[in-house]
Amino acid sequence: MSDGSITAADQLAAGTPAASSPHVDAGDAGYSKDLKSRHINMIAIGGAIGTGLFLGAGGRLADAGPSLAIAYAVCGVFAFFVVRALGELILYRPSSGAFVSYAREFMGEKGAFAAGWLYFLNWSTTAIADITAAATYAHFWGMFSDVPQWILALIALAVVLAANLISVKYFGEMEFWFAIIKVAALVAFMLIGIFLVVTQHPVDGHTPGLSTVSDTGVFPVGTLPMLLVIQGVVFAYASVELCGVAAGETENPEKIMPRAINSIMWRVGLFYVGSVVLLALLLPYTAYSGDQSPFVTVMDKLGVPGAAGVMNLVVLTAALSSLNSGLYSTGRILRSMALSGSAPRFTGLMNKGQVPYGGILLTAGFGVLGVGLNYVVPGQAFEIVLNFASIGILGTWGMIMLCSLVFWHRSRDGRVTRPSYSLPWAPYTQVVTLLFLVGVVFLMWWGGGVGRTTVMFLPLIAAALVGGWFLVRGRVHEMARARQDA
């Protein structure tokens with residue numbers, strides 16, 4: 001693999017599958033198993049704590065008030081259902097192709113094609129959101145205030161791309177420490193927030209506590225704004241499926257993955273819902289805005305020298321972490337697709353560090369388009385790409401639940417065996433989650449503005465997927481026949 005070419009060995013997965021998992025994915029060969037338990041656990045944490053919380057929560061609080069905590073809690077439950085369904089499929093058959101590989105097995109090549117490109121839509125637009133967030137955070141410091149936003153976005157992309165291309169071990173270490181920083185900062189913030197609430201220490205002239213919420217109510221502007229911010233909240237959970245992609249480069253995933261996935265639920269409750277509740281108790285919702293991280297806002301209002309700068313550095317780390325994860329995961333997904341013929345051949349290439357650099361570079365290329373967006377409309381770049389990323393996320397989650405539903409039906413027929421670690425209350429969980437995802441799309445349209453415009457692009461996205469399939473289906477079927485003959 002050191003020469004970067006796709007060899008015949010890539011067309012066949014290493015090893016013999018278990019009797020209950022007859023499918024072998026071509027994209028699973030060639031990877032090193034360098035991700036350890038500590039990496040996976042912190043990747044799971046980091047995947048659930050990202051730009052959507054650190055930057056997005058400010059604007060959402062300003063729009064919906066304290067009711068934002070309810071939106072986070074509801075979306076968190078469905079995010080857990082999605083990752084738990086993915087976890088069951090992982091225990092059935094670990095794969096670096098993750099849900100694309102499962103879509104290929106349970107829904108055919110068309111399903112794999114749709115799942116893969118929807119995921120690419122998710123992360124290529126999320127990469128733009130991340131570099132936009134990083135540039136926004138950098139402007140907090142005076143030394144960067146005069147640097148154009150697009151230049152800062154380009155620097156962020158270049159730094160993370162260089163680190164991602166080295167090896168999966170470096171990716172794992174980077175994500176491990178990124179996650180440590182994010183968790184430590186959130187814990188520190190929550191301890192400070194709890195202290196301020198308990199002691200009633202004034203924050204910018206306001207006395208923190210229940211009175212901050214009771215003065216305005218949980219729904220200060222009604223229930224509709226809380227419903228309308230749900231698509232932004234879904235974006236905040238966009239990385240929870242990342243641990244599924246990492247399973248293919250993990251030793252003993254059957255032991256590591258259940259612990260990592262189960263821990264997501266309480267982390268969501270503690271870090272997301274708990275943080276938003278504290279933010280609502282510390283300052284009136286009108287004190288927050290989409291232009292600044294709400295955590296930085298609180299520290300800034302406290303007037304503690306250097307505290308806001310430290311928190312801003314943390315949220316900058318979160319944005320870079322999300323970008324790092326996106327480049328990692330799309331590289332693996334696109335390689336799985338390339339080796340089945342449904343993605344450009346160059347996205348299946350690997351370097352000497354066993355990194356699928358072709359797919360990573362393609363995602364980074366879309367990030368460069370995001371640099372251009374930051375040049376043209378720096379004030380709207382984040383909100384525009386957030387909505388398109390939400391479409392990709394909803395499509396990816398929907399494909400995961402559809403695969404889980406088909407898997408459940410096949411288990412009833414005796415064609416597959418469900419692992420002991422399985423999605424509870426199936427098939428009702430899958431059906432309810434799919435209905436929730438459809439409801440989020442409706443809310444995007446109902447809310448008007450950028451959300452409605454995004455939904456109106458759905459026919460174009462569907463047409464692009466259909467047209468793309470007709471372009472590649474000949475190669476896909478040819479490569480499938482070649483694997484069967486081999």
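Among helices (runs of 4 or more DSSP H) entirely within the range 220-313, having at least 1 residues that are under 24 Å from the mean Cα position of the chain (by Cα) and farther than 28 Å from E173 by Cβ singles out 223-228, 230-236, 274-282, 294-302.
So which residues in the range 183-216 are of a type outside the set (A, V, I, L, M, F, W, C), touching a helix residue (DSSP H, G or I) at 6+ places or on another chain (Cβ under 8 Å), over 25 Å from L313 (Cβ atoms) and modelled with pLDDT of 90 or more? Once the filter is applied, which keeps residues that are of a type outside the set (A, V, I, L, M, F, W, C), touching a helix residue (DSSP H, G or I) at 6+ places or on another chain (Cβ under 8 Å), over 25 Å from L313 (Cβ atoms) and modelled with pLDDT of 90 or more, the range 183-216 yields G209, T212. Of the residues screened, G172 is one that is of a type outside the set (V, I, T), touching a His at 6+ places or on another chain (Cβ under 7 Å) and within 30 Å of R84 (Cα to Cα).
Cβ-Cβ distances below 8 Å connect the following pairs, each with a first residue in the range 400-421 that is in contact (Cβ under 8 Å) with a residue 60 or more places away in the chain and surrounded by 20 or more Cβ atoms within 10 Å (Cβ to Cβ), a second residue that is assigned to a helix (DSSP H, G or I) and of a type in the set (S, T, Y), and a separation of six or more residues or different chains: I400/Y102; M401/T433; C403/Y102; F407/Y92; F407/Y102; V416/Y92. Hey, among S101, S95, S67, which residue is in a helix (DSSP H, G or I), surrounded by 22 or more Cβ atoms within 10 Å (Cβ to Cβ), of a type in the set (S, T, Y) and within 19 Å of the chain's Cα centre (by Cα)? Unique residue meeting the criteria: S101.
Listed residues F120, F99; which is under 30 Å from G372 (Cα atoms), in contact (Cβ under 8 Å) with a residue 40 or more places away in the chain and in contact with a Gly (Cβ under 9 Å, 6 or more places away or on another chain)?
Working: F99 fails: under 30 Å from G372 (Cα atoms).
Answer to the selection: F120.
One line per residue, one yes/no per condition, for (1) among the aliphatic types (A, V, I, L, M); (2) farther than 20 Å from F54 by Cα:
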residue: E109; (1), (2): no, yes
residue: L118; (1), (2): yes, yes
residue: L157; (1), (2): yes, no
residue: S167; (1), (2): no, yes
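Against the criterion of being closer than 19 Å to A79 by Cα and among the polar types (S, T, N, Q), T417 does not qualify.
Just give me the residues in the range 326-365 being among the β-branched types (V, I, T), in a helix (DSSP H, G or I) and at pLDDT below 90, in sequence order.
If the condition is that a residue be among the β-branched types (V, I, T), in a helix (DSSP H, G or I) and at pLDDT below 90, then T330, I333 are the ones that fit.
Restricted to the range 456-483, and to residues that are in contact (Cβ under 8 Å) with a residue 60 or more places away in the chain and closer than 23 Å to V229 by Cα, which residue is surrounded by the most Cβ atoms within 10 Å (Cβ to Cβ)? Applying the filter and picking the extreme gives I461. Does the range 209-216 include one or more residues that are in contact with a Phe, Trp or Tyr (Cβ under 8 Å, 6 or more places away or on another chain), of a type in the set (S, T, N, Q) and under 30 Å from I128 (Cα atoms)? There is no residue in the range 209-216 that is in contact with a Phe, Trp or Tyr (Cβ under 8 Å, 6 or more places away or on another chain), of a type in the set (S, T, N, Q) and under 30 Å from I128 (Cα atoms).
Look through E173, E109 and report the one residue that is assigned to a helix (DSSP H, G or I), under 15 Å from Y328 (Cα atoms) and touching a residue at least 24 places away in the same chain (Cβ under 8 Å). It would help to see each step written out before you state the result.
Details: E109 fails: under 15 Å from Y328 (Cα atoms).
Going through E173, E109 in turn, just one is assigned to a helix (DSSP H, G or I), under 15 Å from Y328 (Cα atoms) and touching a residue at least 24 places away in the same chain (Cβ under 8 Å): E173.
Put simply, of V441, V416, V385, V368 the only residue that is assigned to a helix (DSSP H, G or I), modelled with pLDDT of 85 or more and β-branched (V, I, T) is V441.
Given the conditions (1) modelled with pLDDT under 85; (2) surrounded by 23 or more Cβ atoms within 10 Å (Cβ to Cβ), report the number of the one that E251 does not fulfil. Going through the list (1) modelled with pLDDT under 85; (2) surrounded by 23 or more Cβ atoms within 10 Å (Cβ to Cβ), E251 breaks only (2). Scanning the range 126-149 for residues that are assigned to a loop (DSSP other than H, G, I, E, B) and either over 23 Å from F366 (Cβ atoms) or without any contact (Cβ under 8 Å) to a residue 60 or more places away in the chain (or both) yields H139, F140, W141, S145, D146, V147.
Condition check for S322 on (1) over 19 Å from the mean Cα position of the chain (by Cα); (2) within 29 Å of P225 (Cβ to Cβ); (3) assigned to a helix (DSSP H, G or I): one failure, at (1). Screening the candidates G205, G217, G232 for the property of being touching a Gly at 6+ places or on another chain (Cβ under 8 Å) and farther than 25 Å from L394 by Cα yields one hit, G217.
The residue list L362, L386 contains one member that is within 21 Å of A236 (Cα to Cα) and of a type outside the set (S, T, Y), which is L386.
Within 15 Å of R332 (Cα to Cα) and surrounded by fewer than 24 Cβ atoms within 10 Å (Cβ to Cβ): does that describe L121? When the stated conditions are applied, L121 passes them. Just wondering, is there one or more residues in the range 129-152 that are surrounded by fewer than 24 Cβ atoms within 10 Å (Cβ to Cβ) and within 15 Å of G398 (Cα to Cα)? Scanning the range 129-152 turns up no residue that is surrounded by fewer than 24 Cβ atoms within 10 Å (Cβ to Cβ) and within 15 Å of G398 (Cα to Cα). Take G274 and decide whether it is surrounded by 16 or more Cβ atoms within 10 Å (Cβ to Cβ) and modelled with pLDDT of 90 or more. So G274 passes the test.
The values are calculated or read from the model by the stated rules, or taken from the named source; none is laboratory data. Keep in mind it's a predicted model, so treat the numbers as computed, not measured. Ideal geometry is used to build each Cβ from the backbone, glycine not excepted, and the neighbour counts take in all protein chains shown.
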